1. Being surrounded by 22 or more Cβ atoms within 10 Å (Cβ to Cβ), touching a helix residue (DSSP H, G or I) at 6+ places or on another chain (Cβ under 8 Å) and among the aliphatic types (A, V, I, L, M): is that true of Ala59 here?
2. Only one residue in Asp143, Asp163 is out of contact with any helix residue (DSSP H, G or I) (no Cβ under 7 Å at 6 or more places or on another chain), among the acidic types (Asp, Glu) and open to solvent by 50 Å² or more (accessible area, probe 1.4 Å). Which one?
3. State which residue pairs qualify: first residue closer than 10 Å to Pro36 by Cα and inside region 134-148, second residue part of a loop (DSSP other than H, G, I, E, B) in any location, beta carbons under 6 Å apart, and separation of 6 or more residues or different chains.
4. Scan (1) part of a helix (DSSP H, G or I); (2) charged (D, E, K, R); (3) within 19 Å of Val123 (Cα to Cα) for the single condition Asp221 breaks and write down its number.
5. I'd like the full set of residues that are of a type in the set (Gly, Ala, Ser) and touching a strand residue (DSSP E or B) at 6+ places or on another chain (Cβ under 7 Å), limited to region 1-43.
6. Among the residues of region 65-119, what is the count of those that are open to solvent by less than 40 Å² (accessible area, probe 1.4 Å), in a helix (DSSP H, G or I) and more than 16 Å from Thr234 (Cβ to Cβ)?
7. Determine if region 48-60 includes at least one residue that is of a type in the set (Ser, Thr, Tyr), within 30 Å of Gly255 (Cβ to Cβ) and at pLDDT below 95.
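The values are calculated or read from the model by the stated rules, or taken from the named source; none is laboratory data. Here the structure is a predicted model, which is why all the values come from computation and not from measurement. Glycine gets a Cβ as well: all are built from the backbone with ideal geometry, and neighbour counts include every protein chain shown. For the accessible areas, the whole protein counts, side chains as well, though only heavy atoms, and no ligand, DNA or RNA atoms are used. Shrake-Rupley method; radii C 1.70, N 1.55, O 1.52, S 1.80 Å.
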Amino acid sequence: MTATAVQYKYVTLSHGRTRYIEAGTGYPVILIHGFPFHNSADSWLPNIDALATEFRVLAPDCMGWSPSDYFDQAYSFAYLVDFIREFQDAFDINSSHVVGTSMGGWIAGLLAYESPDRVEKCVQTGHNGIGARANPGMTNWKDESDEDIKKWLLACAKGANIDVDALIKDRLEKSHEPGRKEAFTKLAHHMGEGKTRERYDLNRRLPRVKVPTLYIWGRTDPSFNLAQVAKDLTPGSKLLVLQCGHNVTVEDPAGFNKATLEFLKS
């Protein structure tokens, strides 16, 4: 497959400048990345080329993630779901496909429940938003090393037609801005706290979701026990199991891309 010309751009939203990747033309698909700090719009580089053959792909850094501007306040699901709506509004997008991985899948599920008119179809990879409980990995989040960020970016950018060294340099510089990681710690703690996660649990919401939904789960994902539960709770939904772990978009991009394209085009 010929590499698509991905473009890195910025759009100004209520909290400041948000970086995003854009590629392709046609009906819009918004990609929502996962937790933790090393994630960003760049996490979708293994998938953008394939999806952009059929759609206009827009992948933003979620509010709080480097190198976009951050918001120094304890916030989580409600803010991030509304962030996606504001991102749609910035491009006059009334409705789009929404694809989320891990934390992004949970956010996509909440958006489909809260604003079904804004979501044409929804794809979610494995996440802990069903029967949600406190997440110590978030409440006790520790600063990630430069090497962790570099390794993730190298894994995601493998084969992408971009300047990887410049990408890494920008991410590392932005990650060391004064106050940024302290702000991310607040976000992580709030998102991982038990009462917050219980409040935004998808269990009671999924039976009322009318948006066509595809779940893609890795068989060795620690949350795999939730895959069938999610499908059974969501009317008319589909479940695909891939032979990989949690990061399905990076671990099995070919399987993920093929299934997502077939679902969104059907």
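1. yes
2. Numbers: Asp143 fails: out of contact with any helix residue (DSSP H, G or I) (no Cβ under 7 Å at 6 or more places or on another chain).
So the residue among Asp143, Asp163 that is out of contact with any helix residue (DSSP H, G or I) (no Cβ under 7 Å at 6 or more places or on another chain), among the acidic types (Asp, Glu) and open to solvent by 50 Å² or more (accessible area, probe 1.4 Å) is Asp163.
3. Here the result reads Glu144/Phe37; Glu144/His38, each pair linking region 134-148 to a residue that is part of a loop (DSSP other than H, G, I, E, B).
4. Here Asp221 meets the rest and fails (1).
5. Ala5, Ala23, Gly24, Gly26, Ala41, listed by residue number.
6. Looking only at that region, the number is 10.
7. Just the residues of region 48-60 that are of a type in the set (Ser, Thr, Tyr), to begin with: 53.
Among the residues that remain, those that are also within 30 Å of Gly255 (Cβ to Cβ) are: 53.
Checking which are at pLDDT below 95 leaves us with none.
Looking for residues that are of a type in the set (Ser, Thr, Tyr), within 30 Å of Gly255 (Cβ to Cβ) and at pLDDT below 95, one finds none in region 48-60, hence no.
Residue by residue, here is whether (1) touching a helix residue (DSSP H, G or I) at 6+ places or on another chain (Cβ under 7 Å); (2) closer than 28 Å to Ser76 by Cα; (3) basic (Lys, Arg); (4) not in a helix (DSSP H, G or I) holds:
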{"residue": "Lys9", "(1), (2), (3), (4)": "no, yes, yes, yes"}
{"residue": "Thr12", "(1), (2), (3), (4)": "no, yes, no, yes"}
{"residue": "Ile21", "(1), (2), (3), (4)": "yes, yes, no, yes"}
{"residue": "Leu31", "(1), (2), (3), (4)": "yes, yes, no, yes"}
{"residue": "Gly34", "(1), (2), (3), (4)": "yes, yes, no, yes"}
{"residue": "His38", "(1), (2), (3), (4)": "yes, yes, no, yes"}
{"residue": "Ser43", "(1), (2), (3), (4)": "yes, yes, no, no"}
{"residue": "Asp49", "(1), (2), (3), (4)": "no, no, no, no"}
{"residue": "Glu54", "(1), (2), (3), (4)": "yes, no, no, yes"}
